[in-house]
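Everything on this sheet refers to the single structure shown next.
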Amino acid sequence: MARQATGRPPSGGSRPRSDPQLLTISHPFSTRRHTMIAGGCLCGRVRYEAQGDALFGVLCHCRDCQRVSGTGHVPVMGVRKSTFRVTGETKTYGVLGGSQKQAIRHFCPNCGSLLFGTPEVVPDIVTLYVGSLDDPNVFNPQYRQFTRDRPDWDKIDARLPEYETVPT
């Protein structure tokens, strides 16, 4: 599949615009209830918030998510674009997805934190990268996608030892 990368922001600048018409989204999975979902980057220059509940939670194993994160999957949750607000400037990077539309990722130009996405295939949705949430425990994954691309080592082995901090 051919990929096209762009360093340009999506139309309308680097901040997603509110859409006056709210898309009705029907999703077969329930999510935890929250009135505000907030997050930001490592250095604090970019902050975001979304009013209301997450629409979905997914662990994505696609190769693009692996490459952008440097790991085997990315936890992502979706919110309505009409409830989403950003403070601070982001940089964007777009890649042509399987839909043949741009998957645009927003990150902090100072510290490089991956923050959120504005996929053109679903223009009324913003995808939040769970690692950037103030409280990542609000994430409730309902499924995994692109498992055909999941590396063998990313299939969690319950027998692996666990440590609350760095092992000594």
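A crude spin-label estimate for the pair Cys111 and Cys43, with each label 7 Å from Cα along the Cβ direction, gives 0.9 nm. Annotation for Gln142 and Thr35: the two label points, set 7 Å from Cα along the Cα-Cβ direction, are 2.4 nm apart.
What the Cβ-Cβ distance of Thr168 and Lys91 gives, at R0 = 45 Å and to the nearest 0.05, is a FRET efficiency of 0.70.
Among residues other than Pro151 with Cβ under 15 Å from its Cβ, the summed charge is +1 (Lys and Arg +1, Asp and Glu -1).
By the rule of a C-alpha distance below 21 Å, with chain neighbours fewer than 8 residues away ignored, the lysines paired with Lys91 are Lys81, Lys101.
How would you order 76-84, 49-57 from highest to lowest mean count of nearby Cβ atoms within 10 Å?
76-84, 49-57
Note on the stretch 40-149: antiparallel DSSP beta bridges, both residues inside, total approximately 90 percent of the bridges counted. Spacing of the modelled spin labels on Glu120 and Leu160, each 7 Å from Cα toward Cβ, amounts to 3.6 nm. Taking a ≥ b ≥ c as the square roots of the Cα gyration tensor eigenvalues, with a/c under 1.5 meaning rounded and otherwise prolate when a/b beats b/c, else oblate, which class fits the stretch 70-168? Cα axes put the stretch 70-168 in the prolate bin.
Values in this text are rule-based calculations from the coordinates and carry no lab data. The model shown is predicted, which means the values in this text are computed figures rather than measured ones. In this analysis, Cβ positions are derived from the backbone assuming ideal geometry, glycine residues included, and neighbour counts consider all displayed protein chains.
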